[in-house]
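Undergrad: I have a structure I would like to understand better, so I am pasting it below and will then ask my questions one at a time.
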Amino acid sequence: MLTWILAAAAVLCLAYYAVITAYAGLGTATAFIWLILGALLGAASFGVRFYQREPDRVPLWLPVSLVTLCASGVLVLFTVLILIFSRIPSAAESDLDYVIVLGASVRTDGPSKTLALRLDKAAEYAAQNPDTVLVLSGGQGADEPSTEAAAMRDYLLEKGVPQEQMLLEERSRSTAENIAYSRELIRSQARASQRTGILTSNFHLLRARLIASKQGLSQVSGIAAESDRVLFVHFCLRESLAILKDRLMGNL
């Protein structure tokens, strides 16, 4: 039974990889994770079948160690996922002075689906809170036609957000830089009050706020945008691994 469960899981991972690449392109960040996971599950299925047939040829410590390692990894990932979704605020705090809108990939035809969902949320918040300034944060990647901040501004102008309600931060290349450079830009403004929020995808909000706290913005508010439904599982796995990596590297 376990053999077939692992084999089915391997097939699902490979099928999901095919869906991701067909939907978002072969350049989708870290999509190869699903190929690796599918290969590992396929190998595990073969290993379980071999052990069931030839138990005397496999030392007991090997399956015990592998099962312990896999169970620990799954437990850690589920714990991180619980933290990610338990920290999403149910409602956005109103009347913030600044909201940092984190960038995402830009294509030749405009913002990616992930970025568009963030910008739709930003436009909604700006309409409800006209005194809030949106800090659009994102530099230009090697495969992007413009800076993410400039593409975000153009999209929001079409949504009716006035130019004077937006500031552009165009140097950043990572979430940590998004927050650091946006913080510098906010501090250069003349406003006496600088109550700040961060707007990003729901799966990304926990890491963004932890990075902000590490940089001294411990009271920053979180505003969660919806996620692309097709890529949601991929983003959750990728974000869990990113949180673990940043934690180990001391970035959180």
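The values are calculated or read from the model by the stated rules, or taken from the named source; none is laboratory data. Everything numeric in this text was worked out from a predicted model, so none of it was measured. Note that we place each Cβ from the backbone using ideal geometry, even for glycine, and neighbour counts take in every protein chain shown. Only protein heavy atoms, including side chains, enter the accessible area calculation; ligands, DNA and RNA are left aside. Shrake-Rupley method; radii C 1.70, N 1.55, O 1.52, S 1.80 Å.
Undergrad: Can you pull the Kirkwood radius for the chain, inverse mean 1/r over Cα pairs, to one decimal in Å?
TA: It is 20.1 Å.
Undergrad: Before rounding to the nearest 500, sum -39500 (n - 2.57) across all DSSP H runs of length at least 4 in the chain and divide by the residue total; then give [θ] at 222 nm in deg cm²/dmol.
TA: Values: 8 runs with 138 residues, N = 252.
So the calculated ellipticity at 222 nm is -18500 deg cm²/dmol.
Undergrad: Is segment 197-252 rounded, prolate or oblate when judged by the Cα gyration tensor, a ≥ b ≥ c being the square roots of its eigenvalues, rounded requiring a/c under 1.5 and prolate requiring a/b larger than b/c? Mind showing how you got there, number by number?
TA: Working: a/c = 4.69, a/b = 1.26, b/c = 3.73.
Oblate, because a/c is 1.5 or more while a/b does not exceed b/c.
Undergrad: Roughly how many percent of the accessible protein surface of segment 167-219 is carbon and sulfur, given a 1.4 Å probe and a whole-percent answer?
TA: Working: 1160 of 2620 Å².
With neighbouring chains kept in place, the figure for segment 167-219 is 44 percent.
Undergrad: Students often forget the sequence filter, so: which lysines lie under 21 Å Cα-Cα from residue 245 once same-chain residues fewer than 8 apart are removed?
TA: Answer for residue 245, where 21 Å is the Cα cut-off: 214, listed by chain and number.
Undergrad: Looking at the square roots a ≥ b ≥ c of the eigenvalues of the Cα gyration tensor of segment 169-222, which shape do they give, rounded for a/c under 1.5, prolate if a/b is larger than b/c, or oblate?
TA: Working: a/c = 1.88, a/b = 1.31, b/c = 1.44.
Oblate is the answer for segment 169-222, as a/c is 1.5 or above yet b/c matches or exceeds a/b.
Undergrad: So how tilted is helix 113-128 from the main axis of the chain? Cα-based, degrees 0 to 90, rounded to 10.
TA: Between the helix axis and the principal axis of the chain, the angle is about 40 degrees.
Undergrad: If you fit an axis through the alpha-carbon atoms of helix 148-158 and take the longest principal axis of the Cα set of the chain, what angle between them do you get, 0 to 90°, nearest 10?
TA: It works out to around 60 degrees.
Undergrad: Which shape class applies to segment 57-156: rounded if a/c is under 1.5, otherwise prolate when a/b exceeds b/c and oblate if not, where a ≥ b ≥ c are the square roots of the Cα gyration tensor eigenvalues? Working shown, then result.
TA: Working: a/c = 4.56, a/b = 2.00, b/c = 2.27.
Oblate, since a/c reaches 1.5 and b/c is not below a/b.
Undergrad: Name the residue from 58, 26, 16 whose Cα lies farthest towards the positive end of the charge dipole of the chain, charges +1 on Cβ of Lys and Arg and -1 on Cβ of Asp and Glu.
TA: Checked the options; the winner is 58.
Undergrad: Could you report the chain's accessible area per residue, 1.4 Å probe, as an integer in Å²?
TA: Values: 13820 Å² over 252 residues.
Per residue, the chain has an accessible area of 55 Å².
Undergrad: Any idea what angle helix 32-53 forms with the longest principal axis of the chain, computed on alpha-carbon atoms, 0 to 90 degrees, nearest 10?
TA: 20 degrees
Undergrad: Related question: Rounded to the nearest 20 debye, what is the charge dipole size of segment 135-252 about its Cα centre when +1 sits on each Lys and Arg Cβ and -1 on each Asp and Glu Cβ? Present the calculation step by step, with values, prior to reporting the outcome.
TA: Details: 15 positive and 14 negative charges, 124 e Å.
Here segment 135-252 has a charge dipole of around 600 debye.
Undergrad: Here is a further query. Name the long-range amide H neighbours of residue 135: under 5 Å, sequence gap of 5 or more, or other chain; modelled H, no Pro or chain starts.
TA: Those qualifying (amide H under 5 Å, at least 5 residues apart or on another chain) are 99, 100, 101, 167.
Undergrad: Can you send over the carbon and sulfur percentage of the accessible area for segment 41-140, probe radius 1.4 Å, protein chains only?
TA: Details: 3580 of 5730 Å².
Answer for segment 41-140: carbon and sulfur cover 62 percent of the accessible area.
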